[in-house]
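Okay, so here's the structure we're looking at.
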Amino acid sequence: MNELTSKYKNGEILIKPTAIHYNAVLTALSRSPSRVHAETAMRILRYMEEESSQVEPDRYSYSVTILACTRCHDLNFAAKHGAMELERMEERALLETERRHNVSSHAALPNVVMDVESYNTVLYALARSGLRDAPKRAMAMFDRMQHVFGLRPTIRSWSALLETYAKSGA
């Protein structure tokens, strides 16, 4: 991606990298349980979030970055960074919703909206981690999902929440 972006900025190619290009790379990175790939995905997402990148991340960008983190074999890393990326997604969704509301109620839909599957992915990562505070963190996430974003938990959501309690020893 760096090479493509650099060539575009230097005028060597005419194709401007878009979220689709970045998302393709993020998707490839999310298919590996490697911590290095998860960290690379997080760096790419950070770059997309910068105003200078001129490429705005969308819901998919965040979702596959969360997936890259939660697939990591280092279970503590998976839970911690999956939750961190979910929180960044929540912040972006709230920001875009507020920006849309301030501009006009008829403006285009926000690029980032929350979805139940992103929450479920992190809830399962918390359950696998076996961390003592996992149930507390999972309940806080569950509450935000329902009360801040108005999402309805699925059977998978409830199952992940219960598994978090079961594996934490609480």
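The values are calculated or read from the model by the stated rules, or taken from the named source; none is laboratory data. Since the model is a prediction, treat every value here as computed from it, not as a measurement. Here Cβ is always computed from backbone atoms with ideal geometry, including for glycine, and neighbour counts include all displayed protein chains. Protein only, heavy atoms only, side chains kept; ligands, DNA and RNA dropped before computing areas. Shrake-Rupley method; radii C 1.70, N 1.55, O 1.52, S 1.80 Å.
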Testing Ala78 on (1) over 23 Å from Asp115 (Cα atoms); (2) among the small types (Gly, Ala, Ser); (3) part of a helix (DSSP H, G or I), one condition comes back false. Which one is that?
(1)
Going by the conditions given, is Glu90 acidic (Asp, Glu) and either closer than 26 Å to Thr154 by Cα or buried (at least 16 other Cβ atoms within 10 Å of the Cβ) (or both)?
yes
Based on what the data block shows, is Glu96 open to solvent by 70 Å² or more (accessible area, probe 1.4 Å), closer than 19 Å to Gly150 by Cα and outside any loop (DSSP other than H, G, I, E, B)?
no
Listed by first then second residue, the pairs whose first member lies in segment 9-28 and is among the β-branched types (Val, Ile, Thr), whose partner is surrounded by 10 or more Cβ atoms within 10 Å (Cβ to Cβ) and in a helix (DSSP H, G or I), with beta carbons under 7 Å and at least 6 positions apart or on separate chains, are Ile13/Lys7; Ile15/Tyr8; Val25/Ile44; Thr27/Val64
Residue in segment 144-151 that is open to solvent by less than 10 Å² (accessible area, probe 1.4 Å) and part of a helix (DSSP H, G or I) present:
yes
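Each row is one residue, and each column tells you yes or no for (1) more than 30 Å from Asp133 (Cα to Cα); (2) open to solvent by less than 80 Å² (accessible area, probe 1.4 Å); (3) of a type in the set (A, V, I, L, M, F, W, C); (4) modelled with pLDDT of 90 or more.
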| position | (1), (2), (3), (4) |
| --- | --- |
| Ser6 | yes, yes, no, no |
| Lys9 | yes, no, no, no |
| Leu14 | yes, no, yes, no |
| Thr65 | no, yes, no, yes |
| Ala68 | no, yes, yes, yes |
How do the pairs read when you match residues in segment 151-170 that are closer than 15 Å to Ser129 by Cα with residues anywhere that are among the small types (Gly, Ala, Ser) and open to solvent by 40 Å² or more (accessible area, probe 1.4 Å), using Cβ under 9 Å and keeping only pairs 6 or more apart or on different chains?
Thr164/Ala170
If you scan segment 107-136, which residues turn out to be of a type in the set (A, V, I, L, M, F, W, C), over 18 Å from Ser63 (Cα atoms) and not in a helix (DSSP H, G or I)?
Ala107, Ala108, Leu131
